[in-house]
Amino acid sequence: MTVLWHGPVVEAISWPSARTLAAGAACPLKPSSVPLAQALGCRLAEPLRALVAVPGVDVSAMDGYAVAGAGPWRVAGRVLAGGVPYGRVLDPGEAVEVATGAPVPVGAEAVLAYEHAEGGSQVPGSQVPGSLVHGVVEPGKHIRRRGEDIPEGTVVLGAGAVVTPVALGLAAGLGHDTLLVRPRPNVAVLVTGDEVVDDGLPAPGRVRDAIGPFLPGLVEWAGGRVAGRVRLPDGSAPLRAALDGWPALDAAMDTVADVVVVCGASSRGPADHLRAVLADLGADVLVDGVAVRPGHPQLLARLPDGRLLVGLPGNPYAALAAALTLLAPILRELTGTPAARETSALAGAVRAHPHDTRLVPVRRSGRGAVPVGHDRPGSLWGAALADALAVVPPGWAGEQVELIELPAGV
Ligand SMILES: Nc1nc2c(c(=O)[nH]1)N[C@H]1C(S)=C(S)[C@@H](COP(=O)(O)OP(=O)(O)OC[C@H]3O[C@@H](n4cnc5c(N)ncnc54)[C@H](O)[C@@H]3O)O[C@H]1N2
Ligand code: MOO
């Protein structure tokens with residue numbers, strides 16, 4: 001809740017300084033070894049190597065006959081993928097019926113696919129041993145040699161690569177059960193405000209929580225995960241209890257939070273208790289107000305145990321702007337993710353602020369970034385229409401602007 005402020009005015013830092021300071025306040029989390037499925041979306045903390053060669057032995061690439069020497073070939077046996085390998089060296093003039101992926105016998109020089117063989121059985125796999133097959137083969141045809149796709153020990157992905165669904169499949173194929181990754185930072189979310197309700201139509205004087213619902217997706221997109229969300233009534237005691245009782249918060253989330261986010265209570269009214277509680281706890285306030293619109297009353301503090309706290313304003317669009325200014329750079333730094341920078345011309349009328357950076361919702365187009373409007377601090381409408389926020393510096397005179405990407409849907 002915001003009420004009139006009668007205290008001293010604190011100088012807000014510039015928007016670029018706030019973002020740099022936030023990134024600088026975090027250090028990459030210690031790498032940890034996790035089962036494959038849990039590594040999805042994380043970044044590799046070490047290069048991914050092939051623990052085995054692919055294929056692991058010489059195998060057939062086709063269903064047919066592994067043959068030695070010139071034809072015709074007398075069929076001497078059959079090997080299926082996963083079956084018992086053929087026990088002896090194939091002599092010239094001999095063939096072994098093989099399935100795709102089955103190891104070819106030592107001595108085999110090529111594989112004759114069923115459809116190119118004559119004299120063999122019309123029903124694959126039902127070849128009468130001792131019968132003759134005819135055909136034309138090129139040396140080495142349809143045999144995948146050991147290590148031909150990926151030699152053992154090869155680095156297939158570098159440290160820092162994102163573990164995508166495909167990378168998980170690759171890692172499994174190369175024999176990995178676990179991966180050493182930068183873990184996803186755990187974020188605890190505290191939503192304050194007596195007027196804030198979680199479901200249904202808000203009664204007069206109430207508002208629906210519009211910040212709690214966008215944070216999990218935003219946090220995930222920036223490399224972290226929301227490990228728990230706690231609703232707090234207004235007042236310093238509940239906030240103090242939640243932050244002072246951080247171990248209790250960890251226990252409630254069943255994990256250790258790396259970052260805590262407080263929604264609302266960030267402004268300067270006597271009823272906005274975050275600063276007082278932080279002072280009381282002995283926290284080190286690193287950012288206290290940023291010269292940006294919207295999102296002015298955002299806050300970054302280091303708690304006495306070293307963990308970081310981000311204070312987001314209660315107005316939802318202001319909260320989004322603040323989350324992209326302070327929270328996203330912290331999460332990227334914790335996961336060792338380099339920041340991507342994009343610039344664009346602005347295709348539409350935008351008025352710069354004399355002192356503050358403006359974050360303007362835009363849609364990228366061939367003509368440049370087009371402002372979509374509907375950008376009042378209390379409304380997420382414009383940001384929902386947009387795919388990026390344009391960073392319009394104070395006094396901007398029409399030059400290219402930086403774009404901050406907005407989290408896309410999945
Ligand atoms: N005297 C001053 N007053 C205000 C200043 C200032 O510098 N001096 N800054 C204004 C700005 S800018 C913002 S933004 C807000 C931030 O206020 P708080 O962070 O303290 O948040 P509240 O006062 O609790 O709420 C503001 C507004 O947002 C609504 N709200 C709160 N939480 C949620 C939520 N989870 N989902 C949706 N809407 C929420 C709340 O009902 C209020 O309408 O302070 C200005 N005042
Ligand atoms: O953070 Mo406030 O938007 O700047 O309304």
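Of note:
- Label-point separation, D177 to R49 (7 Å along Cα→Cβ), nm: 1.9 nm
- Sequence-ordered 3J(HN,Hα) estimates for the stretch 229-238 from the Karplus curve with 6.51, -1.76 and 1.60 and θ = phi - 60° stand at 10, 10, 8, 10, x, 5, x, 6, 4, x Hz, glycine and proline given as x.
- Its residue count N sets the reference 2.2 N^0.38 Å, and the alpha-carbon radius of gyration of the stretch 32-179 equals 1.31 times that reference.
- Per residue Cα convex hull volume in Å³ - calculated over the chain: 200 Å³
- Spin-label zone in the stretch 48-88 - amide nitrogen under 12 Å from a point set 7 Å from the Cα of V156 along the C-beta vector: 48-56
- L346 long-range amide H proximity, modeled H, under 5 Å: A369, V401
- Each of T100, T164 was scored by other Cβ atoms within 10 Å of its Cβ. Arranged with the fewest first, they read T164, T100.
- Each Cα pair under 8 Å and six or more residues apart adds its separation to the average, and for the chain the resulting relative contact order is 18 percent.
- Here the label points at R307 and D198, each 7 Å from Cα along the C-beta direction, are separated by 2.0 nm in the simple model.
- Applying 1/(1 + (r/R0)^6) with R0 = 25 Å to the Cβ-Cβ distance of A349 and S14 gives a FRET efficiency near 0.55.
- Structural descriptor for the stretch 108-206: relative contact order 21 percent, calculated from alpha carbon pairs under 8 angstrom and at least 6 residues apart.
- Two-site FRET efficiency, A81 against A340, from Cβ-Cβ distance with R₀ of 51 Å, rounded to 0.05: 0.75
- Simple label model, 7 Å out from Cα along Cβ direction - E399 to V106, nm: 7.2 nm
- The chain, dipole about Cα centre (Lys/Arg Cβ +1, Asp/Glu Cβ -1), debye to the nearest 20: 640 debye
- Sorted ascending by nearby beta carbons within 10 Å, beginning with the fewest, C263, C42 become C42, C263.
- J(HN,Hα) series, the stretch 33-49, from Karplus relation 6.51 cos²θ - 1.76 cosθ + 1.60, nearest Hz, glycine and proline x: 8, 10, x, 3, 4, 7, 7, 3, x, 7, 9, 5, 8, 8, x, 8, 10
- For the stretch 261-410, average projected area of the Cα convex hull in nm²: 9.8 nm²
- Charge sum, other residues only, whose C-beta stays under 15 Å from V191's C-beta, Lys/Arg counted +1 and Asp/Glu -1: -3
FYI, it's all coordinate maths here, none of it is from the lab. A quick note: this is a predicted structure, and the numbers were derived from the prediction, not measured. Neighbour counts run over all protein chains shown; Cβ positions are idealised from the backbone, glycine included.
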